[in-house]
Amino acid sequence: MGKRTLGIHHITAIVGDPQENVDFYAGVLGLRLVKKTINFDDPGTYHLYFGDDGGNPGTIMTFFPWPGAHQGRIGAGQVGTTAFAVPNGSMSFWEERLETFGVSYRVEERFGERSVTFTDTHGLQLALVERYEGKASEWSFNGVSPAEAIKGFAGAVLLTSQPEKTSELLEETMGFERVGEEGGYVRFRSKADIGNTVDVWQQAVARGALGVGTVHHIAYRANDDDDQLDWKQHVESAGYHVTPVQPRQYFNAIYFREHGEILFEIATDPPGFAHDESYETMGEALKLPDWYEPQRAKIEQILQPATVREIEKL
Ligand code: ZN
């Protein structure tokens, strides 16, 4: 009883062309590509992980690039908007930067915070929010320095077919604290200093369709393998069907679908992204799990190149 999540571990989305994905998240947003690997269930496609300099839990946005796949539809059963935290006082830098790259944005205010919202190249809805809390990312790239760099997730907006059930799950089972309600959103917060807010849109919206430009799932944090097994039991006792533990190389994962149809994951903080590459070289090489190494040549031939590069425009 009484388990409390630290908040968001990672968020995984489906996008189109992998180079366009890298150009947006590394080139424009200045995130570090912390791991370049493949989708273990579909080895002819990438799984790209972006985060702060260390790829810390609460900072990791991951992508399945499916070039040429159909466009999805954002709606119930998904994360509607993914918000990143930027340092206090850096928002004018970011507004100017988005303009420079031709990314149009609009400004919103909620829960006393000003947020700049925009979409990525493939239609994902994103936001930047100034946050005092959260460790600075030590990553510098293409004009973004630690003074402005994205620190990790500010939070996520959940679109659900059953807002009350989803809210109940977050508060009573996941252990988030309900901290406010404004403009049709209810905000939940964890005690972590990054990835710590989840907003639930209170209206039932039309069901989303998975595809390019939509979020596939949202993962919350478990301290370690034992804590994850506790979570599995805890969530099962609340009536959810939870998968067995899946090894994901950089964390272990369990999954369940909540009543509002959003796919939730609980992922372990360890071992993290520096476990098969050094901190200095993380993200540079294509990493394959041992069981795919014999097929490396073939896999590399199938994958389109996707390189972190300095860009001046999209
Ligand atoms: Zn995941």
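General remarks:
- Boolean, Phe64 is hydrophobic (A, V, I, L, M, F, W, C), open to solvent by less than 10 Å² (accessible area, probe 1.4 Å), within 16 Å of the chain's Cα centre (by Cα) and closer than 20 Å to Tyr220 by Cβ: no
- Tyr46 vs. criteria within 15 Å of the ligand (Cβ to nearest atom) and modelled with pLDDT of 95 or more: yes
- Against the numbered list (1) open to solvent by less than 60 Å² (accessible area, probe 1.4 Å); (2) over 26 Å from Tyr46 (Cβ atoms), Gln233 comes up short only at (1).
- Selected residue (criterion: farthest from Ser161 (Cα to Cα)) from residues of region 241-259 that are surrounded by fewer than 17 Cβ atoms within 10 Å (Cβ to Cβ) and away from the ligand (no atom under 14 Å from the Cβ): Pro244
- Screening region 210-240 for residues that are among the aliphatic types (A, V, I, L, M) and within 14 Å of the ligand (Cβ to nearest atom) and picking the one that is farthest from Ala253 (Cα to Cα) gives Val215.
- Scanning region 195-208 for residues that are open to solvent by less than 10 Å² (accessible area, probe 1.4 Å) and part of a loop (DSSP other than H, G, I, E, B), we see that the one that is nearest to the ligand (Cβ to nearest atom) is Gly195.
- In summary, Ile262 fulfils each of the numbered conditions (1) under 18 Å from the mean Cα position of the chain (by Cα); (2) aliphatic (A, V, I, L, M); (3) away from the ligand (no atom under 14 Å from the Cβ) with the single exception of condition (3).
- Reported count of residues in region 265-289, each being under 20 Å from the mean Cα position of the chain (by Cα), hydroxyl-bearing (Ser, Thr, Tyr) and surrounded by fewer than 16 Cβ atoms within 10 Å (Cβ to Cβ), is 0.
- Elements of type strands (runs of 3 or more DSSP E) in region 109-165, at least 1 residues being at pLDDT 95 or above and open to solvent by 40 Å² or more (accessible area, probe 1.4 Å): 113-119, 125-131
- Gln19 falls short on exactly one of the conditions (1) without any contact (Cβ under 8 Å) to a residue 60 or more places away in the chain; (2) open to solvent by 10 Å² or more (accessible area, probe 1.4 Å); (3) polar (S, T, N, Q), and that condition is (1).
- The number of residues in region 22-37 being crowded, with 24+ Cβ neighbours inside 10 Å, among the aliphatic types (A, V, I, L, M) and part of a strand (DSSP E or B) comes to 1.
The values are calculated or read from the model by the stated rules, or taken from the named source; none is laboratory data. Just so you know, these numbers come straight off a predicted model, no measurement behind them. Note: ideal-geometry Cβ built from the backbone for every residue, glycine included; neighbour counts use all protein chains shown. For accessibility, only protein heavy atoms count, side chains too; no ligands or nucleic acids. Shrake-Rupley method; radii C 1.70, N 1.55, O 1.52, S 1.80 Å.
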